[in-house]
Amino acid sequence: MFGLDPWQFWTIFAVTAFAGFVKGAIGFAMPLIMASAFASVLPPQLALAALILPVLTTNVHQALRQGPAAAIESIRDFRWHIGMVLVFLIASAGLARAIPQGPMYALLGLPILAFALWQLSGRPMALPIHHRRRAEIATGIVGGLYGGVSGIWGPPLVVLLLSLGIPKQEQIRVQGVVFLLGAAGLTAAHLVSGILNAQTIPLSAVLCIPAFGGMMAGFALQDRMDVAQFRRWTLILLVITGLNLVRRALSDWS
């Protein structure tokens, strides 16, 4: 079954369904969940390849859920962040085979964990509006660099949106648009790098099925959450994300 033992295939199938549910409910963390779990049962390059098409296709639906006009408006509003993500994601994709994963995970996970815990403690951090462009550029560069190497570029954007106080529906849409463009860049980059190839594409394509099933269930939950609940669960998910990245860093160093 795609060169995998049955238990490997059904494990990543179930993980993908769960990741789709979380993405539908909160709007992000799908590649984080998949990359973390897949790395435990698949070789690193196959784990990265397997998540690419489910991430790409689910982000199409998330980005266009309010229609193309709203998606285009989000692209215009966050063009600096998007531009940096795309440039640095493509530039760093060729380094996926060479860069040590441990330090990268630690440098991303620790700041995310600190930010989320600070926000959950009741001390929100707001970015002054005249600093927005610089914040977009900085978070875009960080997201792009990590995206090309690991397939994970969402957390810096989520931190930016929470800091700016973007409303729930707009936050979900902006995340979908940025993740979609990043996923398209990642797909193109790894078609060139060889990580996504004739052997890995079929597995990645099949995993789109549980991804969409989980996402539809997640959308139903998201629509029932108020703004406070959505923000709280987003921060909790960021804490889990940060802890998992730190765990992976320590595991790689041990």
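The values are calculated or read from the model by the stated rules, or taken from the named source; none is laboratory data. Just so it is clear, the structure is predicted and the values come from calculations on it, not from any experiment. All Cβ positions, even for glycine, are placed from backbone atoms using ideal geometry, and neighbour counts span all protein chains on display.
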If we scan the range 186-199, do we find a residue that is within 20 Å of Asn244 (Cβ to Cβ) and surrounded by fewer than 21 Cβ atoms within 10 Å (Cβ to Cβ)?
-> no
Return yes or no: is Trp118 part of a loop (DSSP other than H, G, I, E, B) and either surrounded by fewer than 19 Cβ atoms within 10 Å (Cβ to Cβ) or modelled with pLDDT under 85 (or both)?
-> no
Criterion violated by Val206 - all others in (1) more than 26 Å from Glu73 (Cα to Cα); (2) without any contact (Cβ under 8 Å) to a residue 24 or more places away in the chain; (3) hydrophobic (A, V, I, L, M, F, W, C) satisfied | (2)
Which condition breaks for Ala49 when tested against (1) within 19 Å of Gly214 (Cα to Cα); (2) crowded, with 20+ Cβ neighbours inside 10 Å; (3) of a type in the set (A, V, I, L, M); (4) touching a Leu at 6+ places or on another chain (Cβ under 7 Å)?
-> (1)
Confirm whether Gly214 is small (Gly, Ala, Ser), within 22 Å of Ala49 (Cβ to Cβ), at pLDDT 85 or above and buried (at least 18 other Cβ atoms within 10 Å of the Cβ).
-> yes
